[in-house]
Amino acid sequence: MKFNLCLVLAVLAVPGAATAQTITGGLTLSYGTTDGGDFSADMTQSGLDGRMNVDFGNGFTFGVQVGKIDMNVDGGGGLGGEFIGLEGGYRFAGGFKLGAFAEQLAFAPDGFPIDITLKTNGFTAGYETAGLEVEAFIANSSLSPTAFADVDNKGVTVGYTAVPGLHLGAAYLKADLSQGGSEADIDFTGIAASYAATDAIIVFGGISQSDISSGGVTALGFDSMGLGVGYDLGAMMGVSSTLSLEVARTELSSFGSSTDLDTVRLGVTFPLGAKGPALPMNSVADSILNPRHGAFNAALTSAF
């Protein structure tokens, strides 16, 4: 893994803080345990997820996302992954916005000599008005070492703030993979909600479905559901920070057989530019309300 995630956040935050009108985002530190069921031995996960969005007050916006996860299987073995994404855009006076982004996901099993790297570049278009936000994107991805000659991504997300503190969202992402005459599809669909019930308590939940198919036959599926609660420790610690607990289940299916992976996730989230309880970035709900630009990446984030 090639980059220091905390350093990326720190370096980008310095110039943004000097000129920005508004800075939002946060950082989540997380730990989870998974009952592997019939699929594998039990697993543990530790991770870091960060997000920063800068609104310069003149229509221009900039965002950065980072993520890191280490998965360890009881008895030996595991997987490590890192993610970084950059996005810039312009918001017009009428609520329309246009943008471009670049993302990179790198992961490798323990002991694997090289990283598997997925690079995605694309464009976004959206509209915001009265609590409603709609965004669509198109992108092209390259995989190294090369497995497919062409990977086209597209998707649409919808978010709605119904009342103060209640945020609803849905996402649909699709990746088309092709090499010569062979084709495969990855589909990701999800709905989620978060609600700040009080000045200190947030509840959240999400449901997602991910399928990898070829020739109309589903080769692999991830159906995930997560429910959680968070409590803002700001009154005790003097700085806003949300302690969260999520319970999640992922049904892993392949060619007619399936098994359930049950996960408990703990997280501590430090919000940027806001006070009160924050949605943890290691949750199923966040993977839907703030999905990455790619069905494969979003599916992994939601399931694990």
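Read the figures in this text as sums done on the coordinates, not as results from a lab. Keep in mind it's a predicted model, so treat the numbers as computed, not measured. Glycine also receives a Cβ, built like all others from the backbone with ideal geometry; neighbour counts cover every protein chain displayed.
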Among residues of the range 68-107, those that are of a type outside the set (Ser, Thr, Tyr), surrounded by fewer than 18 Cβ atoms within 10 Å (Cβ to Cβ), more than 22 Å from residue 119 (Cα to Cα) and out of contact with any Ser or Thr (no Cβ under 7 Å at 6 or more places or on another chain), counted: 9
Strands (runs of 3 or more DSSP E) (entirely within the range 210-304) containing at least 2 residues that are of a type in the set (Phe, Trp, Tyr) and surrounded by fewer than 21 Cβ atoms within 10 Å (Cβ to Cβ): 217-232
Of residues in the range 101-115 being touching a Gly at 6+ places or on another chain (Cβ under 6 Å) and of a type outside the set (Phe, Trp, Tyr), the one farthest from residue 138 (Cα to Cα): 110
Answer from 86, 98, 143 - the residue that is over 25 Å from residue 289 (Cβ atoms) and in a strand (DSSP E or B): 143
Flag for residue 105 being in contact with a strand residue (DSSP E or B) (Cβ under 8 Å, 6 or more places away or on another chain), free of Cβ contacts under 8 Å to residues at least 60 places away in the same chain and in a strand (DSSP E or B): no
Residue 186 being in contact with a Gly (Cβ under 8 Å, 6 or more places away or on another chain) and β-branched (Val, Ile, Thr): no
Selection count, the range 166-201, where residues are within 20 Å of residue 150 (Cα to Cα), buried (at least 22 other Cβ atoms within 10 Å of the Cβ) and not aliphatic (A, V, I, L, M): 1
Hey, residue 128 part of a strand (DSSP E or B), over 26 Å from residue 211 (Cβ atoms) and of a type in the set (Asp, Glu) or not: yes
Members of the range 125-168 that are in contact with a strand residue (DSSP E or B) (Cβ under 6 Å, 6 or more places away or on another chain), within 21 Å of residue 103 (Cβ to Cβ) and among the hydroxyl-bearing types (Ser, Thr, Tyr): 141, 142, 144, 157
Selection within the range 196-231 - over 15 Å from the mean Cα position of the chain (by Cα) and among the hydroxyl-bearing types (Ser, Thr, Tyr): 198, 213, 214, 218, 231
